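Report on one structure; see the data block that follows.
The values are calculated or read from the model by the stated rules, or taken from the named source; none is laboratory data. Just so it is clear, the structure is predicted and the values come from calculations on it, not from any experiment. Quick reminder, even Gly has a Cβ in these numbers, built from the backbone with ideal geometry, and neighbours come from all protein chains shown. Just so you know, the surface numbers come from the protein's heavy atoms only, side chains and all, with ligands and any DNA or RNA stripped out. Shrake-Rupley method; radii C 1.70, N 1.55, O 1.52, S 1.80 Å.
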Amino acid sequence: MPDISLTVTAALCLASLVAGWIDAVVGGGGLLLLPALLLGLPSGTPAAYALGTNKAVAIVGTAGAAVTYARKAPVDVRLAVRIGLAALAGSTAGAFVAAGMSTEVLKPVVMVVLLGVGTFVILRPAFGTAPSTAPVPPRRVLAAIGLAGLGIGFYDGLIGPGTGTFLVLALTALLHFDLVTASATAKIVNCCTNAGALATFAWKGTVHWQLAALMAVFNLAGGTIGAHTALKKGSGFVRVVLLTVVFALVANMAYQQWVA
């Protein structure tokens, strides 16, 4: 365990619980969890330990949410795994590229995209509220594997914040899922990308395993509750949370880019 007080440990566990709930509903839990770890770990701790511990915590909550969704939502697990494997490859490539370039230049572009997405969802109230009853054409499946898998996986390795939210949006747009089914599918994809990232951090020895295990219990509880909430409340509720997370991501990126 890192040398942190009981109060800080409790605050990190609470942040982990809330982040698990957010991540299960619509993605974007890392928006809360990673900054909490960066603030909570002792001063001077390399950022890699916050990143590694974050992945060790998040993968547990994501897996719990994925299992809950798979039991009660109409999820095509085979399709989700195919997209997830593509995302794993994409995130690995993104991590290699990130090592040799500054990602700061890309953040304004991502902010513009997020604002455009938020505006689109606001102007299209029916977006993701009801699934299409027609079979998904093979070309759309390939597009989902390419964009939601390789493309967003690459973004996850290169920059990271909002990956789950981007997955939900892409799956809804490309495969005509409702937002609940898209969230469920995104959790399975996230499990694949988190596993690859965690393996890398574990190999480098930059994971606080004891702290991660404690926080993971709360993240699992939050993820399970969040999945049940989304299933119970439906796509209209998920849409509200989605918009909240999108604009919170924009505000966070703007702060990191121009203020911090």
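Given the criteria surrounded by fewer than 14 Cβ atoms within 10 Å (Cβ to Cβ), at pLDDT 80 or above and on the phi < 0 side of the Ramachandran plot, does Arg140 qualify?
So Arg140 fails the test.
Conditions first: (1) touching a residue at least 60 places away in the same chain (Cβ under 8 Å); (2) under 25 Å from Ile225 (Cβ atoms); (3) open to solvent by less than 20 Å² (accessible area, probe 1.4 Å). Cys192 passes all but one, so which condition is the exception?
(3)
Give me the residue from segment 43-53 that is open to solvent by less than 20 Å² (accessible area, probe 1.4 Å) and not β-branched (Val, Ile, Thr) and, out of that set, farthest from Asp156 (Cα to Cα).
Across segment 43-53, the extreme among qualifying residues is Ala50.
If I filter segment 201-222 down to residues being under 18 Å from the mean Cα position of the chain (by Cα) and within 16 Å of Pro46 (Cβ to Cβ), which single residue comes out as surrounded by the fewest Cβ atoms within 10 Å (Cβ to Cβ)?
Here the answer is Phe201.
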